[in-house]
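Heads up, the thing below is written out as structure tokens.
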Amino acid sequence: MPPFRGRPALCAGTSADQPFRRPRSGGCGLQRRTPRLLAHVPWTEAEHRITAINADPATAKKLEAPESTACLALERWTWRGEERITYARQLYPGDRYALTAHFHA
């Protein structure tokens with residue numbers, strides 16, 4: 001991802017994907033994981049949640065940002081039927097990312 005506002009675009013991520021479900025992938029961008037996930041694990045339902053949080057000391061260190069930095073938290077769950085098969089959480093420093101939606105009527 002290119003720099004935003006002149007700062008490197010970093011994120012901190014965690015994943016609780018069941019290890020036998022799909023190969024591990026590097027990075028923490030969901031856009032890089034989703035095609036791989038779909039190719040290896042058929043799923044029937046997915047959910048994304050975006051919230052705002054303040055970085056705790058460990059997260060701030062990973063993000064190379066001050067403690068309590070405002071961050072966007074993106075969580076993703078996928079299910080196959082009733083079985084939850086993946087969970088991932090990425091944290092993005094608020095001053096380095098923007099959410100944008102573009103609509104046409």
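The values are calculated or read from the model by the stated rules, or taken from the named source; none is laboratory data. None of the values given here were measured: they were computed from a predicted structure. We place every Cβ from the backbone using ideal geometry, glycine too, and count neighbours over all the protein chains shown. Accessible surface areas use protein heavy atoms only, side chains included; no ligands, DNA or RNA. Shrake-Rupley method; radii C 1.70, N 1.55, O 1.52, S 1.80 Å.
Brief remarks on what is shown
- In this view, the solvent-accessible surface of HIS102, computed with a 1.4 Å probe and all protein chains in place, comes to about 140 Å².
- Residues LEU99, LEU72, LEU63, sorted by accessible area with the largest first, give LEU99, LEU72, LEU63 [1.4 Å probe; ligands and nucleic acids excluded].
- The heavy atoms of ARG96 present about 0 square angstrom of accessible area, all protein chains included, probe 1.4 Å.
- GLU67 contributes an accessible area of around 120 Å² to the protein surface, as traced by a 1.4 Å probe with all chains present.
- If you take all other residues with their beta carbon under 12 Å from the beta carbon of THR51, and give Lys and Arg +1 and Asp and Glu -1, the sum is +1.
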